[in-house]
Amino acid sequence: STIPKIVILGAGYGGILTAQRLQKELNYNEADVTLVNRHDYHYFTTHLHMPAAGTDSIDHTRVAISKLIDEFKIDLVKSNVQEIRLSDRKVVLQDGTLSYDYLVIALGGEPESFGIPGLSEYAMTIRSINSVRLIRQHIEYQFALYKLDETRTDRLNFVVGGAGFSGIEFVAELADRIPQLCKEYDVDPNLVHVYNVEAAPTALPGFDPELVEYAMNVLRKKGVEFKIGVAIQECTPDGVFLATGEEIKTATVIWTGGIRGNRLIEAAGFETARGRVKVDDYLHAPGHDNVFIIGDNSLMFNAEGRPYPPTAQIAMQQGVTCAQNVVASIRSKELKKFVFSNKGTVASLGKGEAIASAFGKKYKGWVAAQLKKLVDMRYLFTIGGILLVLKKGRFL
Ligand code: FAD
């Protein structure tokens, strides 16, 4: 047929927004749209730190994709993308091949280990529903194992590598969870150590220093021990070696220290910087007017020439513009430049605590925690309306 084929890879923040906008804007039979994703559910990456620590359920962290899209308008293919073949406009899946006229790459990032020995082998990462199930079970298992051999206090050491956004949010949840675990497993809380190790000179780089100070004090009170300006040098089955020469014995290292672009993208032959592609103002991959790259795999710069950090916020906004530009391409209309509108940042610090900078102001404590809930609920409303807010929202 002559109907153009649009293929969207990945149903995360960028991919879902693209699919939803396409289904709204395209006319009947104007294009075939296929959405490919590894799972039949969409998960809220920005919420993964909670089920990882065991402070919230998996059920609050995902929703069936079929509930978010109209399957009469979009074909949902649950499969693993294995290769992107630009030369013959095909995508190779684990169980078949798709050809496209327009391709939207929204596959999300991957953990970056910066070549630190042992990290990819022995550390766990917060990146998907499956990875956080493992983290949650692993942490509980350490408590259970300790009870069988109380000389092994190293099992009660927990190391979080990275004090960026996700590291801080996770370590806060973990600190909230520890007292519950101690009670459940009859463990003396004084024996448990939660370390947050960060190589950069400050936690939460990019955040307002006063808010960073506030965050660290909240977390210290919850029992987190910070090692800031200290790099992890090696990760072994028995623990981590720090740049100071110190060794922390532990069976649990959660690495949040960095993300890079998806490896499929460099394998496709795109020019990348740490796996991410510098896209043009219209979100095109350079030299490919029919290929759009959004979210964690794209690289864009602000007016000062600094790269935007990869966030759900920018991925969603890019999804909207990307859909408009795919439709404009099909209709041979003028494309729109992507302009990021920063709505602010909120980092949760566990129950009832957060920091935020939004509307040119700083917020902390309870007010910021309410803002975090609003951001989460606004997202649920955007993708699934009031029903999804009622079903998945956390009001308390
Ligand atoms: P993703 O949302 O990662 O989606 C990619 C999708 O592609 C996934 O569904 C995945 O399953 C699928 N996929 C990947 N590979 C394949 C394959 N080979 N085949 C098929 N499917 C595949 N950002 C914020 O703005 N605010 C926050 O508060 C915030 N908090 C965060 C907290 C944590 C703990 C973490 C880890 C991240 C946080 N972020 C936050 C960052 C944000 O989650 C990411 O920037 C965002 O998810 C990127 O969106 P994306 O669409 O590029 O990819």
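The values are calculated or read from the model by the stated rules, or taken from the named source; none is laboratory data. Everything numeric here is computed off the predicted structure, so don't read it as measured data. All Cβ positions, even for glycine, are placed from backbone atoms using ideal geometry, and neighbour counts span all protein chains on display.
Only one of the listed residues (GLN313, GLN324) is within 16 Å of the ligand (Cβ to nearest atom) and in contact with a Lys or Arg (Cβ under 8 Å, 6 or more places away or on another chain). That residue is GLN313. Filtered by the rule that a residue be among the basic types (Lys, Arg) and either out of contact with any strand residue (DSSP E or B) (no Cβ under 6 Å at 6 or more places or on another chain) or not in a loop (DSSP other than H, G, I, E, B) (or both), the range 269-285 gives ARG276, LYS278. If you take the residues in the range 244-259 that are among the aliphatic types (A, V, I, L, M) and in a strand (DSSP E or B), which one is nearest to ALA53 (Cα to Cα)? This residue is ILE254. Once the range 323-344 is narrowed to residues that are surrounded by 14 or more Cβ atoms within 10 Å (Cβ to Cβ) and within 20 Å of the chain's Cα centre (by Cα), the residue that is farthest from ALA368 (Cα to Cα) is PHE340. With (1) under 21 Å from the mean Cα position of the chain (by Cα); (2) more than 16 Å from the ligand (Cβ to nearest atom) as the list, and LEU264 as the residue in question, which single condition is left unmet? Of the numbered conditions (1) under 21 Å from the mean Cα position of the chain (by Cα); (2) more than 16 Å from the ligand (Cβ to nearest atom), the odd one out for LEU264 is (2). Filtering the range 87-113 to residues that are of a type in the set (D, E, K, R), away from the ligand (no atom under 16 Å from the Cβ) and surrounded by 15 or more Cβ atoms within 10 Å (Cβ to Cβ) leaves ARG89, ASP101. Taking every residue in the range 276-302 that is among the acidic types (Asp, Glu) and pairing it with any residue that is outside any strand (DSSP E or B) and surrounded by 18 or more Cβ atoms within 10 Å (Cβ to Cβ), at least 6 positions away or on another chain, the pairs with Cβ-Cβ distances below 6 Å are ASP296/GLY108; ASP296/GLY109; ASP296/PRO310.
Of the residues ILE116, ILE84, only one is under 21 Å from GLY164 (Cα atoms) and either crowded, with 19+ Cβ neighbours inside 10 Å or in contact (Cβ under 8 Å) with a residue 12 or more places away in the chain (or both); which? Checking each option against the conditions leaves just ILE116. Screening GLU266 with (1) loosely packed, with under 14 Cβ neighbours inside 10 Å; (2) in a helix (DSSP H, G or I) gives one miss only, at (1).
Of the residues in the range 229-243, none is out of contact with any Leu (no Cβ under 6 Å at 6 or more places or on another chain), in a loop (DSSP other than H, G, I, E, B) and within 16 Å of the ligand (Cβ to nearest atom).
Here is a yes/no grid of residues against (1) of a type in the set (S, T, N, Q); (2) over 25 Å from TYR282 (Cβ atoms):
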site: THR2; (1), (2): yes, no
site: VAL7; (1), (2): no, no
site: VAL33; (1), (2): no, no
site: VAL81; (1), (2): no, no
site: THR97; (1), (2): yes, yes
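Of the residues that sit in the range 280-299 and are buried (at least 19 other Cβ atoms within 10 Å of the Cβ) and within 13 Å of the ligand (Cβ to nearest atom), which one is nearest to the chain's Cα centre (by Cα)? Restricting to residues being buried (at least 19 other Cβ atoms within 10 Å of the Cβ) and within 13 Å of the ligand (Cβ to nearest atom), the top hit is ASP296. Of all residues in the range 1-17, those that are farther than 21 Å from ARG85 by Cβ have Cβ atoms under 8 Å from Cβ atoms of residues that are modelled with pLDDT under 95 and aliphatic (A, V, I, L, M), 6 or more apart or on another chain, in ILE16/ILE383; LEU17/ILE383.
Of the residues making up the range 99-110, one or more are over 13 Å from VAL7 (Cα atoms) and in contact with a strand residue (DSSP E or B) (Cβ under 8 Å, 6 or more places away or on another chain).
PRO205 satisfies every condition listed in (1) surrounded by fewer than 14 Cβ atoms within 10 Å (Cβ to Cβ); (2) part of a helix (DSSP H, G or I); (3) in contact (Cβ under 8 Å) with a residue 12 or more places away in the chain except (2). Here is the figure for the range 5-56: residues that are among the hydroxyl-bearing types (Ser, Thr, Tyr), in contact with a strand residue (DSSP E or B) (Cβ under 6 Å, 6 or more places away or on another chain) and surrounded by 24 or more Cβ atoms within 10 Å (Cβ to Cβ) total 1. A Cβ distance below 9 Å, combined with a sequence gap of six or more or placement on separate chains, defines the contacts here; from the range 18-37, residues that are at positive phi reach residues that are more than 16 Å from the ligand (Cβ to nearest atom) and not in a helix (DSSP H, G or I) in the pairs ASN29/ILE3.
Consider the range 357-379. How many of its residues are buried (at least 20 other Cβ atoms within 10 Å of the Cβ) and without any contact (Cβ under 8 Å) to a residue 24 or more places away in the chain? Going through the range 357-379 one residue at a time, the tally reaches 3. State all residues of the range 300-310 that are surrounded by fewer than 18 Cβ atoms within 10 Å (Cβ to Cβ), of a type outside the set (A, V, I, L, M, F, W, C) and in a loop (DSSP other than H, G, I, E, B); if no residue qualifies, say none. Result: ASN302, GLU304, GLY305, ARG306, TYR308, PRO309.
Residue count for the range 333-375 under the criterion of being more than 13 Å from the ligand (Cβ to nearest atom), in a strand (DSSP E or B) and in contact with a Phe, Trp or Tyr (Cβ under 7 Å, 6 or more places away or on another chain): the result is 1.
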